[in-house]
Amino acid sequence: MSKKKLFYTGFFIALALIFYFALTQLIPGFGKVKANPVSTVQPFSFTNQDGQTVTRENMSGKVYVAEYFFTHCDGICPTMNNNMRLVYEEFKNDSNFLILSHTCDPDRDSVAQMKYYADSMKVDTKKWIFLTGRKDSLYKAARVSYTIDDPANNLKSIDDQFIHSQFWALVDKNGDVRKIYDGLKESEVNKMIRLAKRLLKEK
(Lines give C-alpha, C1' and ligand atoms only; values in the text may rest on other atoms or scores of the structure.)
Protein backbone atom coordinates (compact mmCIF):
# COMPACT_ATOMS: atom_id res chain seq x y z
CA MET A 1 0.00 0.00 0.00
CA SER A 2 1.35 3.41 -0.95
CA LYS A 3 1.92 6.08 1.67
CA LYS A 4 -0.92 8.11 0.14
CA LYS A 5 -3.42 5.24 0.47
CA LEU A 6 -2.16 4.51 3.98
CA PHE A 7 -2.65 8.15 4.93
CA TYR A 8 -6.23 8.26 3.59
CA THR A 9 -7.12 4.94 5.25
CA GLY A 10 -5.84 6.18 8.61
CA PHE A 11 -7.58 9.52 8.12
CA PHE A 12 -11.01 7.96 7.47
CA ILE A 13 -10.65 5.52 10.33
CA ALA A 14 -9.82 8.40 12.67
CA LEU A 15 -12.76 10.41 11.27
CA ALA A 16 -15.14 7.49 11.84
CA LEU A 17 -13.93 7.08 15.43
CA ILE A 18 -14.38 10.79 16.13
CA PHE A 19 -17.89 10.68 14.64
CA TYR A 20 -18.80 7.62 16.73
CA PHE A 21 -17.47 9.26 19.90
CA ALA A 22 -19.48 12.40 19.15
CA LEU A 23 -22.67 10.34 18.80
CA THR A 24 -22.07 8.61 22.13
CA GLN A 25 -21.86 12.03 23.78
CA LEU A 26 -24.87 13.55 22.01
CA ILE A 27 -27.26 10.57 22.07
CA PRO A 28 -27.78 8.92 25.50
CA GLY A 29 -27.34 5.17 25.27
CA PHE A 30 -25.90 5.23 21.74
CA GLY A 31 -23.59 2.30 21.14
CA LYS A 32 -24.53 0.60 24.40
CA VAL A 33 -26.33 -2.73 24.55
CA LYS A 34 -28.85 -2.57 27.38
CA ALA A 35 -28.77 -5.73 29.46
CA ASN A 36 -32.04 -7.57 29.88
CA PRO A 37 -33.68 -6.69 33.21
CA VAL A 38 -33.56 -9.22 36.02
CA SER A 39 -37.31 -8.79 36.56
CA THR A 40 -40.09 -6.21 36.38
CA VAL A 41 -41.75 -4.73 39.45
CA GLN A 42 -45.39 -5.81 39.72
CA PRO A 43 -48.17 -3.56 41.08
CA PHE A 44 -47.96 -3.07 44.84
CA SER A 45 -49.57 -1.04 47.60
CA PHE A 46 -47.84 -0.60 50.96
CA THR A 47 -48.02 1.91 53.82
CA ASN A 48 -45.16 4.22 54.72
CA GLN A 49 -43.99 5.45 58.12
CA ASP A 50 -46.49 8.33 57.95
CA GLY A 51 -49.48 6.12 57.23
CA GLN A 52 -49.57 7.08 53.54
CA THR A 53 -50.09 4.60 50.71
CA VAL A 54 -47.14 4.02 48.39
CA THR A 55 -47.71 2.25 45.05
CA ARG A 56 -45.77 1.31 41.96
CA GLU A 57 -47.21 4.39 40.26
CA ASN A 58 -45.47 6.61 42.83
CA MET A 59 -42.16 5.15 41.65
CA SER A 60 -42.76 5.91 37.97
CA GLY A 61 -39.81 7.75 36.46
CA LYS A 62 -37.69 7.18 39.59
CA VAL A 63 -34.57 5.12 40.11
CA TYR A 64 -34.73 3.34 43.46
CA VAL A 65 -33.21 0.62 45.57
CA ALA A 66 -35.41 -1.85 47.44
CA GLU A 67 -34.34 -3.73 50.56
CA TYR A 68 -35.95 -5.84 53.30
CA PHE A 69 -35.17 -5.55 57.01
CA PHE A 70 -36.94 -5.46 60.38
CA THR A 71 -36.65 -2.83 63.07
CA HIS A 72 -35.73 -5.12 66.00
CA CYS A 73 -33.06 -7.00 64.02
CA ASP A 74 -29.70 -7.22 65.76
CA GLY A 75 -28.08 -9.33 63.04
CA ILE A 76 -27.39 -8.17 59.48
CA CYS A 77 -29.88 -5.27 59.36
CA PRO A 78 -27.79 -2.65 61.23
CA THR A 79 -24.85 -3.29 58.89
CA MET A 80 -27.11 -3.17 55.83
CA ASN A 81 -28.69 0.11 56.83
CA ASN A 82 -25.33 1.63 57.71
CA ASN A 83 -24.32 0.79 54.15
CA MET A 84 -27.65 2.09 52.84
CA ARG A 85 -26.85 5.39 54.54
CA LEU A 86 -23.90 5.69 52.12
CA VAL A 87 -26.42 5.45 49.28
CA TYR A 88 -28.71 7.96 50.98
CA GLU A 89 -25.90 10.49 51.44
CA GLU A 90 -24.89 10.10 47.80
CA PHE A 91 -28.37 10.74 46.38
CA LYS A 92 -30.26 12.68 49.06
CA ASN A 93 -30.33 15.80 46.88
CA ASP A 94 -31.49 14.00 43.74
CA SER A 95 -35.28 14.15 43.41
CA ASN A 96 -35.28 11.18 41.01
CA PHE A 97 -33.71 8.67 43.40
CA LEU A 98 -35.44 6.91 46.32
CA ILE A 99 -34.81 4.16 48.85
CA LEU A 100 -37.60 1.73 49.77
CA SER A 101 -36.99 -0.24 52.97
CA HIS A 102 -39.67 -2.90 53.40
CA THR A 103 -40.21 -4.70 56.69
CA CYS A 104 -40.11 -8.48 56.63
CA ASP A 105 -41.89 -8.58 60.02
CA PRO A 106 -45.09 -6.54 59.57
CA ASP A 107 -46.72 -8.16 62.62
CA ARG A 108 -44.30 -6.23 64.82
CA ASP A 109 -43.37 -3.40 62.46
CA SER A 110 -46.57 -1.36 62.54
CA VAL A 111 -46.78 2.12 61.01
CA ALA A 112 -46.01 3.59 64.44
CA GLN A 113 -42.96 1.35 64.86
CA MET A 114 -41.70 2.21 61.37
CA LYS A 115 -42.14 5.90 62.20
CA TYR A 116 -40.15 5.45 65.42
CA TYR A 117 -37.37 3.66 63.52
CA ALA A 118 -37.35 6.24 60.70
CA ASP A 119 -37.04 9.06 63.24
CA SER A 120 -34.12 7.26 64.89
CA MET A 121 -32.33 7.14 61.54
CA LYS A 122 -32.57 10.95 61.21
CA VAL A 123 -33.10 10.85 57.45
CA ASP A 124 -35.48 12.59 55.07
CA THR A 125 -38.36 10.11 54.79
CA LYS A 126 -39.42 11.60 51.47
CA LYS A 127 -36.13 10.19 50.15
CA TRP A 128 -35.73 7.07 52.31
CA ILE A 129 -39.15 5.48 52.75
CA PHE A 130 -39.98 2.76 55.28
CA LEU A 131 -42.80 0.43 54.26
CA THR A 132 -45.08 -2.03 56.00
CA GLY A 133 -48.17 -3.92 54.86
CA ARG A 134 -49.61 -7.41 54.52
CA LYS A 135 -46.99 -10.10 54.99
CA ASP A 136 -48.08 -12.08 51.93
CA SER A 137 -47.91 -8.97 49.72
CA LEU A 138 -44.53 -7.92 51.06
CA TYR A 139 -43.08 -11.39 50.56
CA LYS A 140 -44.52 -11.75 47.07
CA ALA A 141 -42.88 -8.44 46.10
CA ALA A 142 -39.54 -9.61 47.51
CA ARG A 143 -39.67 -12.83 45.50
CA VAL A 144 -41.51 -11.98 42.29
CA SER A 145 -40.76 -8.28 41.76
CA TYR A 146 -37.35 -7.83 43.36
CA THR A 147 -36.07 -11.45 43.15
CA ILE A 148 -34.12 -11.21 46.41
CA ASP A 149 -35.60 -14.47 47.71
CA ASP A 150 -36.54 -17.79 46.11
CA PRO A 151 -40.11 -17.66 44.71
CA ALA A 152 -40.47 -21.36 45.55
CA ASN A 153 -40.73 -20.30 49.20
CA ASN A 154 -44.20 -18.95 48.37
CA LEU A 155 -45.40 -22.55 48.41
CA LYS A 156 -44.91 -22.69 52.18
CA SER A 157 -47.49 -21.44 54.68
CA ILE A 158 -47.07 -17.67 55.06
CA ASP A 159 -47.09 -18.11 58.87
CA ASP A 160 -43.98 -20.31 58.63
CA GLN A 161 -42.00 -17.94 56.42
CA PHE A 162 -39.41 -15.34 57.31
CA ILE A 163 -37.25 -13.45 54.84
CA HIS A 164 -33.87 -12.35 56.12
CA SER A 165 -32.00 -11.28 53.00
CA GLN A 166 -29.00 -9.02 52.62
CA PHE A 167 -29.70 -8.46 48.93
CA TRP A 168 -30.89 -5.20 47.38
CA ALA A 169 -32.65 -4.66 44.06
CA LEU A 170 -31.78 -1.63 41.93
CA VAL A 171 -34.78 -0.52 39.86
CA ASP A 172 -34.66 1.79 36.84
CA LYS A 173 -37.12 4.50 35.74
CA ASN A 174 -39.21 1.95 33.83
CA GLY A 175 -39.74 -0.26 36.87
CA ASP A 176 -37.25 -2.91 35.76
CA VAL A 177 -34.84 -4.49 38.24
CA ARG A 178 -31.47 -3.98 36.60
CA LYS A 179 -29.22 -5.73 39.10
CA ILE A 180 -29.11 -7.37 42.54
CA TYR A 181 -26.44 -6.36 45.07
CA ASP A 182 -25.17 -7.67 48.39
CA GLY A 183 -25.95 -4.92 50.89
CA LEU A 184 -23.40 -6.24 53.38
CA LYS A 185 -20.45 -5.58 51.07
CA GLU A 186 -19.31 -1.98 50.68
CA SER A 187 -17.67 -2.85 47.36
CA GLU A 188 -21.08 -3.97 46.06
CA VAL A 189 -22.69 -0.81 47.41
CA ASN A 190 -20.18 1.31 45.51
CA LYS A 191 -20.87 -0.63 42.31
CA MET A 192 -24.59 -0.03 42.80
CA ILE A 193 -24.04 3.69 43.28
CA ARG A 194 -22.13 3.86 39.99
CA LEU A 195 -24.87 2.04 38.07
CA ALA A 196 -27.58 4.15 39.72
CA LYS A 197 -25.85 7.29 38.46
CA ARG A 198 -25.92 5.90 34.93
CA LEU A 199 -29.58 4.93 35.24
CA LEU A 200 -30.47 8.44 36.39
CA LYS A 201 -29.08 9.77 33.11
CA GLU A 202 -31.19 7.41 31.00
CA LYS A 203 -34.27 8.79 29.28
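Summary table below
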{"quantity": "The stretch 154-187, residues that are part of a loop (DSSP other than H, G, I, E, B), crowded, with 19+ Cβ neighbours inside 10 Å and touching a Lys or Arg at 6+ places or on another chain (Cβ under 9 Å)", "calculated": "163, 166, 172, 175"}
{"quantity": "Residue within the stretch 188-200 that is in contact with an Asp or Glu (Cβ under 6 Å, 6 or more places away or on another chain), at pLDDT 95 or above and not aliphatic (A, V, I, L, M) present", "calculated": "yes"}
{"quantity": "So residue 122, is it surrounded by fewer than 22 Cβ atoms within 10 Å (Cβ to Cβ) and either touching a Cys at 6+ places or on another chain (Cβ under 7 Å) or at positive phi (or both)", "calculated": "yes"}
{"quantity": "Inter-residue pairs, beta-carbon under 7 Å, first assigned by TED's automatic domain parsing to the domain that holds residue 68 and over 19 Å from residue 37 (Cβ atoms) and in the stretch 180-203, second of a type in the set (A, V, I, L, M, F, W, C) and surrounded by fewer than 15 Cβ atoms within 10 Å (Cβ to Cβ), 6+ apart", "calculated": "184/76; 189/86"}
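The values are calculated or read from the model by the stated rules, or taken from the named source; none is laboratory data. A quick note: this is a predicted structure, and the numbers were derived from the prediction, not measured. Cβ sites come from the backbone with ideal geometry, for glycine too, and all protein chains shown count toward neighbours.
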